[in-house]
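Notes follow once the structure below has been shown.
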Amino acid sequence: MKINTLLFDLDGTLINTNELIIESFLHTLHSYYPDQYKREDVLPFIGPTLYDTFNSINPEKVEEMVKVYRKFNHEQHDVLVKEYETVFETVKTLKEKGFKLGIVTTKIRATVNMGLTLTKLDQFFDVVVTLDDVENAKPHPEPVLKALEQLGSKPEEAIMVGDNHHDVEAGKNAGTKTAGVAWSIKGRDYISSHNPDYLLETMSDLLPIVGVE
């Protein structure tokens, strides 16, 4: 079955939001637990939803902590978000070659739109499935299946691309091929340990995989 559809995670895959996410977590956690969390302590929080993360820290204050996080995150967004090499060119090429493109993310739509607009990637994607659109976040297959349905694609025609085990598992659970990105902040070994079908050193590695010269 020929691949005609590519689904991408957003943070840490298409756009480099790592510093923004780390600083947002540290800002929030220091507000409640001064000097208790360091940079390396928040790396495991990248990937799950904010609700899951803050619920594991303080179930009584989840809503409040999410608000503090999002306020800081939105205010600092355009300062701290950066681009990854070859992402823009690769996505542009895929679009021009007629591939169906979607984003599947655990972020809320407002924040997603900020990142896509800032990096000018918004022009390329036909479908964006956010946390607002689903009952179950990745690694549940629902977000991936929803994107495929909206694109009119079958799982066996698609690759799910991401930097986290949630992305790889969501793709596998939905029946797509999967690609992990070696630039994951958790490291190349981390993402390869979850056995994606492909490991990308740069986003342009995707092109030969899908038959684009």
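With contacts taken as Cα pairs under 8 Å and at least 6 residues apart, the chain reaches a relative contact order of 25 percent. Between the helical axis of 165-174 and the longest alpha-carbon principal axis of the chain there is an angle of about 50 degrees.
For the residue pairs 67/172; 146/177; 2/177; 107/138; 71/107; 2/186, alpha carbon separations beyond 21 Å are given by 67/172; 2/186. Using the 1.4 Å probe convention, the accessible area of segment 101-213 works out to 41 Å² per residue with neighbouring protein chains retained. For segment 1-100, the carbon plus sulfur part of the accessible surface works out to 50%, probe radius 1.4 Å. Partner aspartates and glutamates whose Cα lies under 15 Å from the Cα of residue 92, excluding those fewer than 8 positions away in the same chain, are identified as 83, 122, 126, 205, 213. Set the Förster distance to 25 Å, then compute FRET efficiency between residue 149 and residue 95 from the Cβ-Cβ distance, nearest 0.05. The computed FRET efficiency comes out at 0.80.
The loop-placed chymotrypsin sites (Phe, Trp or Tyr not before Pro) in segment 55-127, going by DSSP, include none that has at most 14 neighbouring Cβ atoms within 10 Å of its Cβ.
Are there GluC sites (Glu not before Pro) in segment 82-125 that DSSP marks as loop and that have at most 13 other Cβ atoms within 10 Å, and which are they? Answer by residue number: 85.
Remark on segment 50-122: ratio of C-alpha radius of gyration to 2.2 N^0.38 Å is 1.41. Expressed as a whole percent, the accessible area of segment 126-213 that falls on carbon and sulfur atoms is 45 (1.4 Å probe). The GNM of the chain, with springs linking C-alpha atoms under 10 angstrom apart, assigns the highest mean-square fluctuation among 98, 115, 187 to 98. In a fully extended conformation the segment linking residue 77 and residue 64 would gain 2.7 nm over its present Cα-Cα distance, using 0.36 nm per residue. Would you mind getting me the FRET efficiency between residue 212 and residue 122? Use the beta-carbon distance for r and R0 = 22 Å, nearest 0.05. That gives a FRET efficiency of 0.50.
Working from Cα pairs under 8 Å separated by at least six residues, relative contact order for segment 1-113 is 48 percent.
The values are calculated or read from the model by the stated rules, or taken from the named source; none is laboratory data. Small disclaimer: the values here were computed from a predicted structure and weren't measured. Note that each Cβ is placed from the backbone with ideal geometry, even for glycine, and that neighbours are counted across all protein chains shown. Areas reflect the complete protein model, heavy atoms only, side chains present, ligands, DNA and RNA absent. Shrake-Rupley method; radii C 1.70, N 1.55, O 1.52, S 1.80 Å.
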